[in-house]
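A short worksheet on the structure shown next.
Only the coordinates and a few stated rules stand behind these numbers; no lab work does. Quick caveat: nothing in here was measured; it's all calculated off a predicted structure. Here the Cβ positions follow ideal geometry from the backbone for every residue, glycine too, while neighbour counts run over all protein chains shown.
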Amino acid sequence: MVKAESYHVPVMLSETLAGLSVKADGRYLDTTAGGGGHCAAILDQLGESGQLLAIDRDDDALTVLRTRFSDDKRVSIHKLNFGDIGNDETVQSMKPFDGILFDLGVSSHQIDDSARGFSFMKPGPLDMRMDRSQKTTAAEVVNEYDEANLIRVLKEFGEEPRARRVAQEMIKHRPFEETSALVEILEPLADPRDRLRILARVFQALRIEVNDELDAIDRALAASYELLNPGGKLVVLSYHSLEDRKTKRFMRRMEGDSKGRYIPTPGFAEKVVMMKAVPRKAITASRSEIESNPRARSARLRIAERVG
Ligand SMILES: C[S@@+](CC[C@H](N)C(=O)[O-])C[C@H]1O[C@@H](n2cnc3c(N)ncnc32)[C@H](O)[C@@H]1O
């Protein structure tokens, strides 16, 4: 049985709550509810008439959330890829929201459970699916993609400088079933000081490809404006530069910055202030939080408010 206490330690909890500025009678959407740490903190500030819609695409998270919040009538729990919030009936029926939270990436539970195959530290099957009802696994990517496609994944999603070499080694040694077999061929490709970094880049790339993570972020951010009340808050916690760059560009674009290269949805005029980033820069975790939770080290928190 998956336990809420050990599932995930929520990152930048007080900063996230301050960003959402929870109103007692407000309506909130947690798009990455995980073990419910952020949800519980939001609920602490919500009154009886407040509402929280908690979403995740991982069934383990949904099991924990259902157990943790089963007695709380203010909470609705819903399995969904947040990329689909723009056209999901449940989400649409609860809008407008006073705050939407994205705590991107994987949970500690997903990383720690070797059977999920997310970690290069533990042997396990090459799986990496957040939603285990989906077909594509990491094994399929590693064993079946052609060289050009593997290079694309490693470059775009892992920012791996030796993408071609890594792809060629993978093709030479496949098929792979276990994470440990992949680790074995990757390790000699880097000098010992860079060993962990190459593993982190390749595993990140595979995970993003398997779960189509960046496309889901694009679609979800684009949908968030329309789901928010005027004055409502969009709060995004990212853990690597690809996620944070997307969030930053989206917020700039919504501020009417013509340099923002990201186009949210067709028909949105440029130079119109639709959201305002508050503050303009990303917030990082305090030194004491990083000491007690190393996962917070890479966290970047961005907050924007719907203006019109
Ligand atoms: C960093 S954890 C969130 C932890 C949570 N804030 C807490 O306090 O426990 C990220 C969660 O988002 C989920 N997730 C990632 N991408 C998703 C997506 N596209 N749609 C829905 N859930 C997603 C993962 O399954 C994971 O449970």
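Those residues that are on the phi < 0 side of the Ramachandran plot and crowded, with 22+ Cβ neighbours inside 10 Å, I need them from region 11-21; list them, please.
Of all residues in region 11-21, those on the phi < 0 side of the Ramachandran plot come to 11, 13-20.
Answer for region 11-21, where residues must be on the phi < 0 side of the Ramachandran plot and crowded, with 22+ Cβ neighbours inside 10 Å: Val11, Thr16, Gly19, Leu20.
Scan region 7-33 for residues that are within 11 Å of the ligand (Cβ to nearest atom) and of a type in the set (Gly, Ala, Ser) and jot them down. Before you say what the answer is, go through the steps one by one.
Initial filter on region 7-33 (within 11 Å of the ligand (Cβ to nearest atom)): 7-13, 16, 30-33.
Residue satisfying the conditions is Ala33 alone.
For region 75-93: of the residues being farther than 25 Å from Ser238 by Cβ and touching a Ser or Thr at 6+ places or on another chain (Cβ under 8 Å), which is surrounded by the most Cβ atoms within 10 Å (Cβ to Cβ)?
Ser76
Mind checking which residues of region 80-99 are closer than 22 Å to Val22 by Cβ and among the charged types (D, E, K, R)?
Lys95, Asp98
Condition check ((1) buried (at least 16 other Cβ atoms within 10 Å of the Cβ); (2) on the phi > 0 side of the Ramachandran plot; (3) in a loop (DSSP other than H, G, I, E, B); (4) away from the ligand (no atom under 15 Å from the Cβ)) across all residues:
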{"site": "Asp98", "(1), (2), (3), (4)": "yes, no, no, yes"}
{"site": "Phe102", "(1), (2), (3), (4)": "yes, no, no, no"}
{"site": "Val106", "(1), (2), (3), (4)": "yes, no, yes, no"}
{"site": "His109", "(1), (2), (3), (4)": "yes, no, no, no"}
{"site": "Phe118", "(1), (2), (3), (4)": "yes, no, yes, no"}
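Step by step: first the residues of region 52-84, then only those that are in contact (Cβ under 8 Å) with a residue 60 or more places away in the chain and among the β-branched types (Val, Ile, Thr), then the one that is farthest from the ligand (Cβ to nearest atom). Which residue is that?
Thr67
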